[in-house]
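Undergrad: Pasting in a structure now, in structure tokens, and then I'll have a few things to ask.
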Amino acid sequence: MPSPDTWPALLPTADPLGAFVSMFEPALASSVGTSSPLFMRTVAVKDIFDIAGTPTGAGNPTWAATHAAPTVHADAVARLLAAGAQVVGKTVTDELAYSLSGTNVHWGTPINSAAPGRVCGGSSCGSAAAVAGGLAEVGLGTDTGGSIRVPASYCGLVGFRPTHARVSLHGCVPLAPRFDTVGWLTRTAALSAVVGDVLLDPLTTHPGPPTELLVWDDAVQFVEPAAGAAVGTAMAAIADAFGSSRNLDLDARILADWAEAFRVLQGAAAWRTHGQWITGSQPGFGPGIAQRFASAAGITPDEQAAAEATARDAVDTLDALLGPGRVIALPAAADVAPPINASRELKDRLRPATLRLTCAAGLGGLPSISLPAGRSTGGLPIGVSLIGARNSDEHLLRLAARLEAAGSC
């Protein structure tokens, strides 16, 4: 817990990183006791969560103009405030959270302090920038296809995506509700576990604690060579610290099929959610977002049916693999953060490659945490993800904190 002497220093007074769309001075806070779990912790909130009296922009000016300002906080924001946190502002997001790049044609590209000149990753880019740059201790965001885990990997942070529906999404702009989750970014796994205690809905029964690590070495084939060595070394260190581990004997090429199924189902859900508004309001999307929604609008029933069959197979496979006490380790992203001025060709190559690594948790509705894996040969951050069984969130968070304390990540 911060000491009283440090409280003033915890509140940013400027935004040199372009992380925020609005800042609150004074910060939003509730009157709670000093024993509250997040007392005086600073939080940056992705601008798809409602904050009473402040427009929710979802990264697009037309969205803000066509929706009334909320009168109550989103559930996740309310819980954080009730736990003693201070909300310092709302952060930049990719438009309607439909991107992994971390760029926005309207608000600009937040600065990645951990990798200058490179993107933070999206869509929770502003929250990642704020935490990586010391402007907040917790970044509240969302993760549908990797929007917490990819920014964590690019910025050297800890990023947690919970089991689907374990954290309320009430008061949050949806993208693809069947995959959407609230998530958060921190600089330490220990703080991430505290945030989990605040945000996760309680369960009457829990799965058992982790007892075996399945290391998906074959998935490293999807990581660019300059980052692959660091990822492999980090997964080996985690396996050593875990004690009981073995290689996951599953051909990682299956992830290409899973990623394509996820792309189709996410796109179909996104168009069902926003198609009518897009058609009626004609928002000025950036080129990548516009292309993605145009593609989503053209998804056919046959494509959806085929994707549903693949998704069912993926869920069955993951449920069988993640038996009692098992955790899967795999790369968090396909490469380090790309340059801000990366070509469309590079972006188009990295997105599907990264989705191959993030789609398993999304399809399975499973909890996943991205942990720093060290640095690439070029000195840039890269991450490793751990995936746990459904509703093993608390165990996964505490496992990450133990690995952190042991110096394994």
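The values are calculated or read from the model by the stated rules, or taken from the named source; none is laboratory data. Small disclaimer: the values here were computed from a predicted structure and weren't measured. So basically every Cβ, Gly included, is an ideal-geometry build from the backbone, and we count neighbours across all protein chains shown.
Undergrad: Kindly provide the set of residues from the range 249-308 that are assigned to a helix (DSSP H, G or I) and among the acidic types (Asp, Glu), ordered by number. So that I can check it myself, show each step before the final result.
TA: First, the residues of the range 249-308 that are assigned to a helix (DSSP H, G or I): 254-281, 287-297, 301-308.
Within the range 249-308, ASP257, GLU260, ASP302, GLU303, GLU308 qualify.
Undergrad: Take ARG375 and decide whether it is more than 19 Å from the chain's Cα centre (by Cα), under 14 Å from ALA190 (Cα atoms) and basic (Lys, Arg).
TA: Numbers: more than 19 Å from the chain's Cα centre (by Cα): yes; under 14 Å from ALA190 (Cα atoms): no; basic (Lys, Arg): yes.
Spelling it out, it is not the case that ARG375 is more than 19 Å from the chain's Cα centre (by Cα), under 14 Å from ALA190 (Cα atoms) and basic (Lys, Arg).
Undergrad: Which is under 17 Å from ILE340 (Cβ atoms) and crowded, with 24+ Cβ neighbours inside 10 Å, of CYS155, CYS172?
TA: Values: CYS172 fails: under 17 Å from ILE340 (Cβ atoms).
Answer to the check: CYS155.
Undergrad: Which residue pairs have Cβ atoms closer than 6 Å, lie 6 or more positions apart in sequence or on different chains, and pair a first residue in the range 200-219 that is without any contact (Cβ under 8 Å) to a residue 60 or more places away in the chain with a second residue that is part of a loop (DSSP other than H, G, I, E, B) and small (Gly, Ala, Ser)?
TA: Close Cβ pairs satisfying both conditions: ASP218/ALA252.
Undergrad: Would the range 205-218 turn up any residue that is under 18 Å from the mean Cα position of the chain (by Cα), closer than 19 Å to ALA400 by Cα, modelled with pLDDT of 95 or more and not basic (Lys, Arg)? Please lay out each step first, then the result.
TA: Applying the first criterion (under 18 Å from the mean Cα position of the chain (by Cα)) to the range 205-218 yields none.
Looking for residues that are under 18 Å from the mean Cα position of the chain (by Cα), closer than 19 Å to ALA400 by Cα, modelled with pLDDT of 95 or more and not basic (Lys, Arg), one finds none in the range 205-218, hence no.
Undergrad: For the range 273-283, give me the residue count where each residue is farther than 13 Å from ALA97 by Cβ and surrounded by 13 or more Cβ atoms within 10 Å (Cβ to Cβ).
TA: Filtering the range 273-283 for residues farther than 13 Å from ALA97 by Cβ gives 275-283.
Checking which are surrounded by 13 or more Cβ atoms within 10 Å (Cβ to Cβ) leaves us with 275, 277-278, 281, 283.
Qualifying residue count, the range 273-283: 5.
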